[in-house]
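These notes concern the structure reproduced below.
The values are calculated or read from the model by the stated rules, or taken from the named source; none is laboratory data. This one's a predicted model, so the numbers in the text were calculated from it and none came from an experiment. We place every Cβ from the backbone using ideal geometry, glycine too, and count neighbours over all the protein chains shown. Surface accessibility is based on the protein's heavy atoms, side chains included, excluding ligands, DNA and RNA. Shrake-Rupley method; radii C 1.70, N 1.55, O 1.52, S 1.80 Å.
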Amino acid sequence: MVATIMTKKKVPFDPKSLKFLTAVSSAEYSKPTLKMGALIASVFDASHGVVYVGERASEFHGSSVNLTRQNLDNWNIIHPGLEVLEWALKELKTLSPENEELAKIQFNPDHVYEEDGRVRVILPDDKGCRIELVLREGELVDQLRKEIQLEGYDLAIIGGSQNKRHLAHSILQYLPSSIFVLQKFNPRKKYKLLLLVDDSMATIKSIEWGALIAEKLGWPVRTLTVSKTKRFGAGYQGAADKAKAYFDSRGIEVEQFFLTGDPVRTFVEFAGDNHFVIMGASTLNPVKQFLFGSKPIKTLEQTDVPILIVR
Amino acid sequence: MNSYIDILFWIRQKKWLLITLVYGMFMHHFVMPPPDLNPAAFDALIIISMALILIVTEPLPLPAIAMFMLFMQVVLGIDTANNVASSFMNDAVFFIMGSLMLAVAIVSQGLDKRLALGIITLTGHKTWRIVAGFTAISAILASFIGEHTVAAMMMPVGLTLVRYAHKDPRKVAGLTAALLFSIAYGATIGSIGTPSGGGRNVIMMNYWAEFGAGSVTYLEWIKYVYPMVLFQIPFTVFILLWTFKPEQSNLDSAVRKLVVDVARAGKIKGREWLAIILFILVFLGWVFLSEDFGLGIIALLGVFLYLSFGLVEWQELNRKTNWGVILLFGAAISIGIQMNQTGAAEWIAHVIITNLGKVIDSPAILQGSVSVLLTGVMSNILSSSATVAVVGPIVLDLGGDQILIGFATAIASAFGYFTAVAAPACTIIYSSGLVKSKDFLRAGWKMGVLSLVSLLGLSLLWWPLL
């Protein structure tokens, strides 16, 4: 199955049509997330949205807060959160000094458009830059889900969270895109790309994404296939072989590993702290995922390395 | 597959609604009311407890919670549709509606720049004097025009000073917190000063009338409560400077830049004078005519005048007024009245007195401490006005002088210093993103102690003299 699809369509998606979304929280904490977001967007030549999700005022006093904010506009004090987006734009320019179109863009807090509970910064001269800056207020998963649904994002890039267990379950279950969680991500560190390969359909896309990342970043690639029993079935073995064939066809060296044991525990132990994990999203029924979790959810809960879950 | 996820996501977002509905159905169908509580009163308590859960957890917009409280009274047979409708609208709701619209009308006049200049002229450039000026002016203004109006007008002044003091307000976190909290806490301590300081005061006046406790005029309220406002101002300044320790003792350069900014607005214009005069007329109406006409009707008359003179457009009022809050207070007062009429409030009061009476001998201390602590704690979780709407009927049934208990409750509802949700002024400064939740705790406990001591002093030393 894997082989058929791969040989028929070498690149079965058009990277230029991809849309990535990076969620930032502050200049202080989100620098690595934004940097990786920009890097991954450039790897895929995808358009890049940056969203800041701020706290929403209690509904009781919501109108008083809005009244104050409108009054603050008269004093040229910008809406809280817009300064994070201003920082994000500045940071994106620094990260892509060669991008002349991006360099021309000036942030103007007056040029914002409010609709559907979101504030979108209108960027002049943004032809060719494909940057979107959006401010939302409310609960993180709810707002990210709305943004992804509204704009049709393919990948959401999110920083690690203290409340990891809750975050892992909610974002993987409810965000309708691929998810990249940057846990303890160190931009200076040289990671090894670790692809978790099995016979599921989601593995195909994760291999394609992994190949693009490996090519661009020059990171060594490892594939890991884990079987619960000592015997590796034809499906697992075939998927691993085809993955290797795909990397070979693109001139990327790959190390293959076959281990037995509990899949999640094996992934986590193998990943250690120096891998960048890519795995396919679960194909389990959503109700089963909700009740019992899934391999990606459990892996995300238990590991501390950056992890990309491809849907 | 996606529809399953949509359903699961809906369940995630609405889990508190589902929990509340299950709780309500369980209580209504499977729990017998206590023998000394009639079924209608028990149902009123179920509705109010369900509404409280929904208000705190916010799975629904406020207007939906308001509608829930209204239709459930009829569905559970507590009262008829017409009676529920007539208990829904009263002068307290008129006042909340009028004061929210007046806030929009006043804030849109741009008087904040005049206010900034006035404060700076009074205080000079020293930080402690500016903090004192912000606290005092916020307190005095809030006692007449409401804390949300004052906070909305003062926030730009405070933030502009902070930004002129340092490019990055986080680098002067102490100064930022001292200035912003002087606005929030100033407005909060001031909001108890007169009936028009906050909707909760008018809600209590409405309950006094509903419970047959008598009436209190605008000036009588001031006589009873204003000394506490004045007493708390200097101590609040001390607490803020002690807690947040501003990094700069002199704001010379920031003040000069602010004055240049404000001076651009030119001399005060006829339109601004008219806005001030109209508010003074409203204020005089509250002082001298509210006994006959009601505070709410006068507030609405004020809105009518602002609209008639073209000082504000209806579209603006319509867009910026929180109609959901108005509906919610109407519904909360309606269920509060049912708590009184069905005997639910009296039953809770009886349970409290019977149980706590074993620990505290003096009825006066028991009544006072229960009303203050219950109100103070709930204000920090819920919101000050909603707390009075819910707790008011219970504390008025605790026994003792209903007017004094009512004053203590209305005052204690302003003790929402510990969280950002209690008072609108606190929510407003929190929305700037420059103060943190823990800042409310750092200064809040000191303010809580100050206010408790002040209220104790007021009730023991001042009220007996009146």
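A few notes on this one:
Results for (1) of a type in the set (A, V, I, L, M, F, W, C); (2) over 24 Å from B:G199 (Cβ atoms); (3) open to solvent by 20 Å² or more (accessible area, probe 1.4 Å); (4) touching a residue at least 24 places away in the same chain (Cβ under 8 Å), shown as yes or no for each residue.
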| residue | (1), (2), (3), (4) |
| --- | --- |
| B:I335 | yes, no, no, yes |
| B:M339 | yes, no, no, yes |
| B:T354 | no, yes, yes, no |
| B:S369 | no, yes, yes, no |
| B:S379 | no, no, no, yes |
| B:V388 | yes, no, no, yes |
| B:I394 | yes, no, no, yes |
| B:V421 | yes, no, yes, yes |
| B:K436 | no, yes, yes, no |
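- Contact map, segment B:39-61: first residue not assigned by TED's automatic domain parsing to the domain that holds B:V74, second residue of a type in the set (D, E, K, R) and buried (at least 18 other Cβ atoms within 10 Å of the Cβ), Cβ cut-off under 6 Å, separation 6 or more or different chains; the map is empty.
- Residues that are in contact (Cβ under 8 Å) with a residue 24 or more places away in the chain and within 16 Å of A:G49 (Cβ to Cβ), drawn from segment A:79-98: A:G81, A:L82, A:V84, A:L85, A:W87, A:A88, A:L89, A:E91, A:L92, A:L95, A:S96
- For segment B:420-454, the set of residues classified as among the β-branched types (V, I, T), within 21 Å of B:M154 (Cβ to Cβ) and at pLDDT 85 or above consists of B:T427, B:I428, B:I429, B:V435, listed by residue number.
- The single condition among (1) open to solvent by less than 30 Å² (accessible area, probe 1.4 Å); (2) closer than 17 Å to B:M153 by Cα; (3) within 14 Å of chain A (Cβ to nearest Cβ) that B:I119 does not satisfy is (3).
- Test: A:K184 is out of contact with any Asp or Glu (no Cβ under 8 Å at 6 or more places or on another chain) and touching a residue at least 12 places away in the same chain (Cβ under 8 Å): no
- Inspection of segment A:23-38 finds a residue satisfying the criterion of being away from chain B (no Cβ under 14 Å), at pLDDT 85 or above and touching a His at 6+ places or on another chain (Cβ under 9 Å).
- Figure legend. Inter-residue proximity from segment A:63-76: first residues farther than 9 Å from B:P156 by Cβ, second residues aliphatic (A, V, I, L, M) and buried (at least 20 other Cβ atoms within 10 Å of the Cβ), beta-carbon distance below 6 Å, spacing 6+ or different chains. Indicated pairs: A:S64/B:I428; A:V65/A:A57; A:V65/B:I428; A:L67/B:V107; A:L67/B:A152.
- Output for segment A:221-243, where each listed residue is under 11 Å from A:L195 (Cα atoms) and either loosely packed, with under 14 Cβ neighbours inside 10 Å or free of Cβ contacts under 8 Å to residues at least 40 places away in the same chain (or both): A:V221, A:T223, A:T225
- The one condition in (1) away from chain A (no Cβ under 14 Å); (2) surrounded by fewer than 24 Cβ atoms within 10 Å (Cβ to Cβ) that B:Q73 fails to fulfil: (2)
- When each of B:V56, B:V107 is tested for being surrounded by fewer than 22 Cβ atoms within 10 Å (Cβ to Cβ), within 11 Å of chain A (Cβ to nearest Cβ) and under 23 Å from the mean Cα position of the chain (by Cα), the lone residue that passes is B:V56.
- Within segment B:144-157, tally of residues that are at the interface with chain A (Cβ under 10 Å from one of its Cβ atoms) and either without any contact (Cβ under 8 Å) to a residue 24 or more places away in the chain or within 24 Å of B:F415 (Cα to Cα) (or both): 9
- Tabulated pairs, segment A:188-200, first in the same structural domain as A:D273 (by TED's automatic domain parsing) and touching a residue at least 60 places away in the same chain (Cβ under 8 Å), second of a type in the set (S, T, Y) and assigned to a strand (DSSP E or B), C-beta under 8 angstrom, 6+ apart or interchain: A:L194/A:T223; A:L195/A:T223; A:L196/A:T223; A:L196/A:T225; A:D198/A:T225
- For segment A:52-87, the tally of residues that are among the hydroxyl-bearing types (S, T, Y), outside any helix (DSSP H, G or I) and within 7 Å of chain B (Cβ to nearest Cβ) stands at 1.
- For segment B:231-265, the set of residues classified as in a loop (DSSP other than H, G, I, E, B), in contact with a Ser or Thr (Cβ under 7 Å, 6 or more places away or on another chain) and surrounded by fewer than 17 Cβ atoms within 10 Å (Cβ to Cβ) consists of B:Q248, B:S249, listed by residue number.
- Strands (runs of 3 or more DSSP E) contained entirely in segment A:204-293, each with at least 3 residues that are more than 24 Å from the chain's Cα centre (by Cα): A:254-260
- Within segment B:293-320, if we keep just the residues that are open to solvent by less than 10 Å² (accessible area, probe 1.4 Å) and within 14 Å of another protein chain (Cβ to nearest Cβ), the residue that is nearest to B:M101 (Cα to Cα) turns out to be B:L317.
- One residue alone among A:V141, A:V121 is open to solvent by less than 10 Å² (accessible area, probe 1.4 Å), β-branched (V, I, T), within 27 Å of B:N318 (Cα to Cα) and under 25 Å from the mean Cα position of the chain (by Cα), and that residue is A:V121.
- Residue count for segment B:266-288, restricted to those that are assigned to a helix (DSSP H, G or I) and open to solvent by less than 60 Å² (accessible area, probe 1.4 Å): 12.
- Of all residues in segment B:387-436, those satisfying the criterion of being part of a loop (DSSP other than H, G, I, E, B) and within 12 Å of chain A (Cβ to nearest Cβ) are B:G416, B:T419, B:A420, B:V421, B:A422, B:A423, B:S431, B:S432, B:G433, B:L434, B:V435, B:K436.
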